[in-house]
Amino acid sequence: MALKNVNAIRPTDLLSKLLLSSSSSSNSIQVIDASWYMPATKINARELYKRKRIPGAKFFDLDDCCDKESTLPHMMPTKDYFLDYLSGIGVPIDPNQDIVVYDTQGMFSSPRLWYMLKVAGFQNVAVLEGGLPGWDSSGFQIDTQSPPSKTDMDTVSVRNKYAFKPLENSFVDKDRVKEASENKSAIIDARSADRFDGKVPEPREGLRRGSIPFSLNIPFTSVIDDLGFLLPKPQVDQLFRGVGIDAETVQQNKEDVIFSCGSGVTACVPLLALVHHFDVDLAHCKVYDGAFSEWGELDDENYPVTVVETS
C-alpha cells in the first residue's frame, strides 16, 4: 500500500503496510503519535505514549515543536526548525517518506500534524482514522515497553532541506482573516456551537466570547463519528452545504477556505475531511494559526466578534 495521494486511512490499511514493509527506512512507513490534550485536562500525552503506542511510533509534541518567540500556543515554527525537530525524534527527512500520524483520542490533534507535514513538503502523509483506540480495539499489536530516550534536536543537512518544496502562505494571520471576514469569504470555525455562539466562555482565560464575523461553524466533532472515523462523503457534503459551502465548487473554482478553532489544532479536522473527500487542493486550505486564542484577545474596534443573542 502506497500512501501517495492518501489523506486518511483505516487501521487495516496501515496494518497491511506495516506487515509488508521492509526494515529499511526508505521503504518502511514511519508512524508518529501526535497526541495533544487541552491544558485543562491535565493529561500528559507524552506519558501516555511511553505506556502504550503503535510499534515503532515516534512522539511529536505540538507544544515543543513550535514558534518559541510567539506568546500564542503551538504556532507553526520555521521550516528549518520543524525539520530539525523531526530529525531529532527519529523521523527520516525525505519528502517521499511514507508517514502515518495518529492520536489517542480517535481523531483530534493528529490532523494538525498531518497539515504541518504536508505544507512543509512531505508528500505521502496520512491520518490513521480511529487513532490508537481504533488500532487497539482491532486487536493489532501494541508496544508497552519503555521507548528509547528522546533524541536531541538534530540539524538536517542543507541538501536534504532543499529537497522540500513547502506550500507558501498556508498559515494565515489575523489581518488576512480580517480581510476574509470583511469580504465574507469562507472561514470555517471548528469550535463547538456553544463557544462559536458565545454562550459559554473560552477555555483560555481573558478571551472574548463569540466568533469572527461572517465565519461559519462546523464543529470538528460533527465530521467524525464516535470512534474517530471520518463520516462518509455524503454526510460531510451535507454539513458543508448546511453552512453555505459547496465543496465541489470550492474544488473546481480553487477558492480559498480558512479554517480556525481555539488554537489551530482541531481546525485541521474539517480541513482534512474537505481534502480527503473532495480532493480540494491543499494550497487553498488555509489555517488561521493564532485562531480564537489570538482573535479573542484583540480589540473590538478592529477585530470584532459576533455573539448570538439569547432571549
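Bear in mind these aren't lab numbers, they're just calculated from the coordinates by the rules spelled out. Keep in mind that this is a model prediction, so the values were computed, not measured. Cβ atoms come from the backbone with ideal geometry, glycine included; neighbour counts cover every protein chain shown.
By the beta-carbon count within 10 Å of each Cβ, the least crowded to most crowded order of Phe122, Phe214, fewest first, is Phe214, Phe122. Shown here for segment 222-311: trypsin sites (Lys or Arg not before Pro) in loop regions (DSSP other than H, G, I, E, B) with at most 16 other Cβ atoms within 10 Å, namely Lys254. For segment 155-226, the extents of the C-alpha atoms along the principal axes are 51, 35, 27 Å, listed from largest to smallest.
Counting charges near Ala180 (Lys, Arg +1; Asp, Glu -1) among other residues having Cβ under 13 Å from its Cβ returns a value of -2. Note on the chain: with charges restricted to the Cβ of Lys and Arg (+1) and Asp and Glu (-1), its dipole about the Cα centre is near 840 debye.
A Förster radius of 22 Å, combined with the Cβ-Cβ distance separating Asp143 from Asp63, puts the computed FRET efficiency at roughly 0.40. Near Gly198, once Lys and Arg are set to +1 and Asp and Glu to -1 for all other residues with Cβ below 14 Å from its Cβ, the sum equals -1. Overall, the ratio between the Cα radius of gyration of segment 8-162 and 2.2 N^0.38 Å, rounded to two decimals, is 1.00. Taking the DSSP beta bridges with both ends in segment 8-162, the antiparallel portion is around 10 percent. Annotation: the antiparallel percentage among DSSP beta bridges lying fully within the chain is about 10. Of the GluC sites (Glu not before Pro) found in segment 215-311, those that fall in a DSSP loop while having at most 13 other beta-carbon atoms within 10 Å are Glu301, Glu309.
Mind pulling the angle between the C-alpha long axis of helix 79-88 and the longest principal axis of the chain? Nearest 10 degrees, somewhere in 0 to 90. Tilt relative to the chain: about 40 degrees.
The mean sequence distance of close C-alpha pairs (under 8 Å, at least 6 residues apart), as a share of the length of the chain, puts its relative contact order at 19 percent. Here the ratio of the Cα radius of gyration of segment 171-295 to 2.2 N^0.38 Å is 0.99. Extension gain, Val200 to Lys233, is 8.8 nm, computed as 0.36 nm per intervening residue step minus the present C-alpha separation. Using the charge dipole of the chain (Lys, Arg: +1 at Cβ; Asp, Glu: -1 at Cβ; taken about the Cα centre), state which of Leu230, Gln145, Gly90 has its Cα farthest towards the positive end. The Cα lying farthest towards the positive end belongs to Gln145. Taking the C-alpha atoms only, the angle from helix 268-278 to the longest principal axis of the chain is near 80 degrees.
Sorting Val287, Val269 by the number of Cβ atoms found within 10 Å of their own Cβ, with the fewest placed first, yields Val287, Val269.
Residues of segment 270-290 with an amide N closer than 20 Å to a point placed 7 Å from the Cα of Ser70 along the Cα-to-Cβ direction: 270-272, 282-290.
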